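Here the structure comes first, spelled out in structure tokens, and everything after it is commentary.
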Amino acid sequence: MKRHDKITPEGMRDYLFDDVQAYDSVRDALANVFELHGYRPVATPLLEFHDVFRRHAHGWLADRMYHTTDSRGRLLVLRPDNTLPIARIAATHLLREPLPLRLCYHQSVFRRSQVYGGHADESMQSGVELLGAHGMDADLEILSCAVQALRAAGAQGFRIELGHAEIFSCLADSLRAVESLSCLADSLCAVESLSCLADSLCAAENLEAGETLRDELASAIESKNTPALKALLAPHGENPAAKALLALPTLFGGEEVLQRARELFSAPCAIAALDYLAELFAKLKAQGLGDCIDIDLSLVHGQHYYTGLVFRGFIAGSGATVLAGGRYDNLMAEFGRDAAAVGFAIEVDALVNA
């Protein structure tokens, strides 16, 4: 039997000397910025019950999590995300604490990646969560904190791209709404004849197919995979929502992106999201942050819990995402405490490597 006592598991690594010093230096710099903004540190267990992450808003596939069991046979996972455990804390241990809550953390997450995919399964994150605060002022606070944190950590030439979760959600819903009408007449025939019973199931089948299509569209848009996106939208012909979705990967850059988008979007919810981004961008420029901010309307994010502003940060010369975050106003309610929330996580590994 082959022994594995001199190597680390796939996706894991050892940290030596300069690596440890670099990580400690970055973590300390980030912690100082978080403290100056009033964020208090919390830490969650490495092992969490699977139920913490078993919710639609999470969006994590089961095969991306490391599973084990406790002594009672209950399903556990290695922490794959930091936001959900902190939402759990806010709804339990901190239930009587007045809102807003400003919490920060410095801890690893574990996510299975493809073999030879070049991504580590363990990654260190430092981040903040602003719980119980809604509106533009809260979003501005989070973005300002993110910029200051990257600067304090020594990041050079970084850009933060802004998007809005409602844009994709609105366009995808519009696409599904049009397609659902195609089976409405067939589903009604069940009222007149049992011979049409099979047709009456089309609504349920379309719902499941719609969720699958939605996930596939999100993946193609997020990765800017235009050929895959064209193939997914080809059956929808000249549907205006399909045209807008096809254009999303090209809608990135400066303020001019918002004007280009207005020529493509017609749904009121999508227009409202563009108005919000335009006002937010103007206020960021007024704060002197416009030189490191861009617009990218293709931002979707893998987690389903985002409801408004979404953003990502990149450093010149590195393809890795060093920062990701956004607003998730519905997630806290799933843990029993209804509160708006916004936050971000800095990928310390990617930041140090960059």
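When you count the other C-beta atoms within 10 angstrom of each residue and take the mean per peptide, 43-51, 318-326, 1-9 line up highest first as 318-326, 43-51, 1-9.
Rolling a 1.4 Å probe over the protein heavy atoms gives the chain an accessible area of 50 Å² per residue.
Only Lys, Arg, Asp and Glu carry charge here, each on its Cβ (+1 for the first two, -1 for the last two); on that basis the chain has a dipole of about 720 debye about its Cα centre. Go through Thr68, Leu245, Asn82 and say which Cα lies farthest out towards the positive end of the charge dipole of the chain; charges sit on Cβ, +1 for Lys and Arg, -1 for Asp and Glu. Result: Thr68, furthest along the dipole toward the positive end.
Taking +1 at the Cβ of each Lys and Arg and -1 at the Cβ of each Asp and Glu, which of Met1, Pro100, Cys145 sits farthest along the dipole of the chain towards its positive end, judged by Cα position relative to the Cα centre? Of the candidates, Met1 comes out farthest on the positive side. Within the chain, DSSP assigns beta bridges of which about 90% are antiparallel (rounded to the nearest 5).
Distances between placed amide hydrogens fall under 5 Å for Leu76 paired with His50, Thr68, Thr69, Asp70, all partners being 5 or more residues away or on another chain. Where only DSSP H runs of four or more residues are counted, the chain gives -12000 deg cm²/dmol as its mean residue ellipticity at 222 nm, each run worth -39500 (n - 2.57). Within the accessible area of the range 56-165, the carbon and sulfur atoms contribute 50%, probe 1.4 Å, all protein chains present. With θ taken as phi - 60° and the Karplus curve 6.51 cos²θ - 1.76 cosθ + 1.60 applied, the whole-hertz 3J(HN,Hα) list for the range 311-316 is 7, 9, x, 10, 10, 4 Hz, x standing for glycine and proline.
Ordered by solvent-accessible area of protein heavy atoms (1.4 Å probe), largest first, the residues Glu334, Glu122, Glu263 come out as Glu263, Glu334, Glu122. Helices in the chain that qualify as membrane-span-like (whole DSSP H runs, Cα extent of at least 18 Å along the helix axis, mean Kyte-Doolittle hydropathy of 0.5 or higher) are 136-152, 165-180, 268-286. Simple point charges give the picture: +1 on the Cβ of Lys and Arg, -1 on the Cβ of Asp and Glu, and for the range 238-298 a dipole about the Cα centre of about 80 debye. Partner lysines whose Cα lies under 16 Å from the Cα of Lys243, excluding those fewer than 8 positions away in the same chain, are identified as Lys224, Lys230. Charged side chains reduced to their Cβ positions (Lys and Arg at +1, Asp and Glu at -1) give the range 208-354 a dipole of some 220 debye around its Cα centre.
The values are calculated or read from the model by the stated rules, or taken from the named source; none is laboratory data. Predicted, not measured: the structure shown is a model, and the values here were computed from it. Ideal geometry is used to build each Cβ from the backbone, glycine not excepted, and the neighbour counts take in all protein chains shown. Areas reflect the complete protein model, heavy atoms only, side chains present, ligands, DNA and RNA absent. Shrake-Rupley method; radii C 1.70, N 1.55, O 1.52, S 1.80 Å.
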